[in-house]
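**Student:** Below is a structure I'd like to ask you about.
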Amino acid sequence: MKGFCERAVASKYSSKSSTESTDRGPSSVCSDSGSRDSKHDKASLWSNFFASAFSIFETHSESSITEKKEIHSRNNGWTEAVRKVVTGGSMRRIHERVLGSSRTGISSASDIWLLGVLYKVSQDESSGDAATNNGLRAFEQDFSSRILMTYRKGFDAIGDSKYTSDVNWGCMLRSSQMLVAQPLDEQYIEILHHFGDSEGSAFSIHNLLQAGKAYDLAAGSWVGPYAMCRSWETLVRCKREGTAFDNQPLPMAVYIVSGDEDGERGGAPVVCIQDASRHCLEFSRGRVDWTPILLLVPLVLGLEKVNPRYIPSLWATFTFPQSLGIMGGKPGASTYIIGVQDEKALYLDPHEVQPAINIRRDDLEADTLSYHCNVIRHIPLDSIDPSLAIGFYCRDRDDFDDFCFRASKLADGSNGAPLFTVTQSHNFPKPVNHSDVLDDSGGVQNDDSFVAPPISDADGSAHEDDWQLL
């Protein structure tokens, strides 16, 4: 999936819209773990300065590949000149002296995949290959343009509860919001409005919790990936039924890819093309045969850790053009994994506590600093929690067919340990059960009541957002 920086080059909107979107660019600079609050205020003033230089040519929309090439060639003049001034030479050195380098262990010797986009980087940035040398810089711009959702405090109480903050329990909710925000093709401010912290925002945690009551979602309680995926399915269905077709806040079908037809979590999930087509038809209310579609694949890939046999396939999903990354990450604390480099999983972290903010859809001057971060955090891919959910977005039927081709090829090369499989219809043999390929003794419990032991922070306090083994 393309980031907002790249979408800006292919803007469909008028020059007036481009001028109005001055404050929309990627801007927020977060500090490393353990020192966020102390450094954030000092960095904000400077990050505003550097971000504003980028944001003058940022309008957040997406066009076809052809449009991108044509518009890029026409607008390659002053836009690229400004970008070079801001990102290169003395200006960049000042930026790094004031804020410090945003890289935290990112290698300049191997390529990076970020949600289906390959960034080729070079070990020697002084070499003559300008395109390769700029790969790491382009990656950093893309990473910082991705929408970040974090803990918030001070919002209106959730339902009948007294909770006015999601600190220590809402990280999976925030991770899911980040994943869903990526495929939305709307004005930047409009997207942020959808994820405000109030019942008036379509995809707020208030509304997600309400939609997820059937899956035991409740304010103050942590939720697992499977229940989170089902809650999104329910919320989108409710919004669809109460909104005109042409005015859907999430203009796509939602398909939860689950296990075999005899038991949703008894085996490897199966992407059924027939089911996907049905979801699209239902979403369009019978108007068209196919629509954009969001696929969410909840998985349990081990007991205490991911079985090593799944790691190559997990890594490979980030090379899919349809990739939306992974809800999951650290054991006991959900993150949003959006890229890989070598054995590292690169992620956005929702665990920073920030004041609640509700952005009006017409507020083009809104402060959006808190929705972005340029600190690139990572963990070993083989150390992520085995309970997770993978997301994919297919914009049309051709894109879905391409996804199915890639997914089938990935399953065929998985040595008997596929993440999920693909079939045309429900007339298929019983799929591989993930417990059949585990090194651990015994199978995975299917009881949602099983909860992993609390994991403590560095200060000794235990997380309330413990993982459930689904």
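The values are calculated or read from the model by the stated rules, or taken from the named source; none is laboratory data. No experiment lies behind these values; they were computed from the predicted model shown. All Cβ positions, glycine included, derive from the backbone under ideal geometry; neighbour counts span all protein chains shown. Quick note on the areas: whole protein, heavy atoms, side chains included, nothing else; ligands and nucleic acids left out. Shrake-Rupley method; radii C 1.70, N 1.55, O 1.52, S 1.80 Å.
**Student:** If a residue must be closer than 24 Å to Pro225 by Cα and among the hydrophobic types (A, V, I, L, M, F, W, C), how many such residues does segment 357-372 contain?
**Tutor:** The qualifying residues number 0.
**Student:** Might you let me know whether segment 379-387 holds any residue that is within 18 Å of Pro308 (Cβ to Cβ) and under 15 Å from the mean Cα position of the chain (by Cα)?
**Tutor:** no
**Student:** Same structure again: Go through the residues of segment 211-220 one by one and say whether even a single one is crowded, with 21+ Cβ neighbours inside 10 Å and in contact with a strand residue (DSSP E or B) (Cβ under 8 Å, 6 or more places away or on another chain).
**Tutor:** no
**Student:** While we're here: Quick check: is even one residue across segment 397-407 in a loop (DSSP other than H, G, I, E, B), open to solvent by less than 60 Å² (accessible area, probe 1.4 Å), out of contact with any strand residue (DSSP E or B) (no Cβ under 6 Å at 6 or more places or on another chain) and at negative phi?
**Tutor:** no
**Student:** Scan segment 340-352 and give yes if some residue there is under 28 Å from Arg152 (Cα atoms), more than 18 Å from the chain's Cα centre (by Cα) and open to solvent by 10 Å² or more (accessible area, probe 1.4 Å), otherwise no.
**Tutor:** Looking through segment 340-352, none of the residues is under 28 Å from Arg152 (Cα atoms), more than 18 Å from the chain's Cα centre (by Cα) and open to solvent by 10 Å² or more (accessible area, probe 1.4 Å).
**Student:** Which of (1) modelled with pLDDT under 95; (2) in contact with a helix residue (DSSP H, G or I) (Cβ under 8 Å, 6 or more places away or on another chain); (3) on the phi < 0 side of the Ramachandran plot is the odd one out, the single condition Asn415 does not satisfy?
**Tutor:** (3)
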